[in-house]
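The values are calculated or read from the model by the stated rules, or taken from the named source; none is laboratory data. It should be emphasised that the depicted structure is a prediction, and the values quoted were computed from it without experimental measurement. Using ideal geometry, Cβ is built from the backbone for each residue, glycine included, and neighbour counts are taken over all protein chains shown. Quick note on the areas: whole protein, heavy atoms, side chains included, nothing else; ligands and nucleic acids left out. Shrake-Rupley method; radii C 1.70, N 1.55, O 1.52, S 1.80 Å.
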Amino acid sequence: TALISGFSSLPWLVKPLYGFISDSFPLFGYRRRSYLVLSGLLGALSWSLMATFVDSKYGAVVCILIGSLSVAFSDVVVDSMVVERARGESQAISGSLQSLCWGSSAFGGIVSSYFSGSLVDAYGVRFVFGITALLPMITSAVAVLVKEQHVPGPTRGQNVLLANPSFLESSRENIIQLWNAVREPNVFLPTVFIFLWQATPQSDSAVFYFTTNKLGFTPEFLGRVKLVTSVASLVGVGLYNGFLKRVSLRKIFLATTIIGTAFGMTQVLLVTGLNRQLGISDEWFAIGDSLILTVLGQVSFMPVLVLAAKLCPEGMEATLFATLMSISNGGSVVGGLLGAVLTQVFGVTKDKFDNLSSLIILCNLSSLLPLPLLGLLPEDDSEIVSNEN
């Protein structure tokens, strides 16, 4: 499981490469639309193979890697389109755009989450993989409708470098521009905070195995939990868009981190069985806990997206935004690895959960460690705007 999870995360760590490709290599005359179509076809291929031919763990790793690549690439392209529309706008308007995107994502999760569990129980995993393969095809079909200005490219059979002798020089300038942008204090310092904020240890995997192996949660019930968390994500986006998009980043991070740490401790009640002594079943407690934590997590992540979008200079929307998001994803990977190390240290296995409570407490307390570095974030929207150029 760790191997597959690790491989599936790799495409998300090199997102700047996709941004550079999308910005620099128009495909069939388009920088965004063509790559969305291609990503959809690639995802459909990977899940079709999972539904039919794949019968080994190595084949599964390769297909999941390809599927993750297709989602990561399309994610970069869509992010760049949002950044293009958010450039020069206030934090409130930029927040509304991000809220629209992530609200749409949460709504998609609401539609699909419950059935992902119940269909596994009813028809098996290959059937679900086949259904999943249809969704990237829909992405490709919708991408054709994207309005984008056509970019002249090389004629048929003509090499890109020959058609544009200054391409290498232009690419070199883009890399230098990216490096200079990342080195700017108003970009570098918030990025350091975001990385450290994401890099604190996580106990999610250990808790997952506790709920499945110890408490006996079924795929159908986990689908219900996923449905609740999707609704919670939509609620979190709504809360941010309705009440918090004008609140300073520092205040949002401070409040959500402290409240999230407090509520994260409630998982100890589930592990120790104290929830049953309070008259709350394991299932209902897990649903309520997931709902609250997801709302807080979504509210705290929205400012990250808004900040990253506003820091991107014109002409490098996809590349710089992807770089910032890759750094954030890298922090999450580090947090997962640290959580895995602590899981080993505490002797928690798929069947042994004696020290799981201590692991949860330590991981939750560690999320408070980045708070003294809140000063790395811009104090308000005007500070971001004043540094954009």
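Values for this structure:
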read-out	value
All positions within region 1-25 that are assigned to a loop (DSSP other than H, G, I, E, B) and crowded, with 21+ Cβ neighbours inside 10 Å	none
Any hit, region 51-59, residues being under 24 Å from Gln149 (Cα atoms) and not polar (S, T, N, Q)	no
Positions within region 242-257 being assigned to a helix (DSSP H, G or I) and open to solvent by less than 30 Å² (accessible area, probe 1.4 Å), in sequence order	Leu249, Ile252, Phe253, Thr256, Thr257
Qualifying position, being open to solvent by 20 Å² or more (accessible area, probe 1.4 Å), out of contact with any Lys or Arg (no Cβ under 7 Å at 6 or more places or on another chain) and in a helix (DSSP H, G or I), among Ser99, Ser39, Ser104, Ser46	Ser104
Complete set of residues in region 67-96 that are open to solvent by 50 Å² or more (accessible area, probe 1.4 Å) and modelled with pLDDT of 75 or more	Leu69, Val71, Val78
Every residue from region 328-357 that is loosely packed, with under 15 Cβ neighbours inside 10 Å and of a type in the set (Ser, Thr, Tyr)	Thr349
Residue in region 262-271 that is modelled with pLDDT under 80 and crowded, with 17+ Cβ neighbours inside 10 Å present	no
Number of positions in region 116-127 that are surrounded by 16 or more Cβ atoms within 10 Å (Cβ to Cβ), more than 22 Å from the chain's Cα centre (by Cα) and in contact (Cβ under 8 Å) with a residue 60 or more places away in the chain	2
Failed item in (1) over 30 Å from Ser96 (Cα atoms); (2) surrounded by 20 or more Cβ atoms within 10 Å (Cβ to Cβ), with Arg31 passing the rest	(1)
Any pair with Cβ under 6 angstrom, 6 or more apart, that starts in region 255-271 at a residue that is farther than 12 Å from Leu293 by Cα and ends at one that is of a type in the set (S, T, N, Q) and crowded, with 16+ Cβ neighbours inside 10 Å	Val268/Ser357; Leu269/Asn275; Val271/Ser357
Yes/no for Gly288 being farther than 23 Å from Gly331 by Cβ, without any contact (Cβ under 8 Å) to a residue 24 or more places away in the chain and either assigned to a helix (DSSP H, G or I) or over 18 Å from the mean Cα position of the chain (by Cα) (or both)	yes
Criterion violated by Val54 - all others in (1) more than 20 Å from Ser140 (Cα to Cα); (2) at pLDDT 80 or above; (3) aliphatic (A, V, I, L, M); (4) part of a helix (DSSP H, G or I) satisfied	(4)
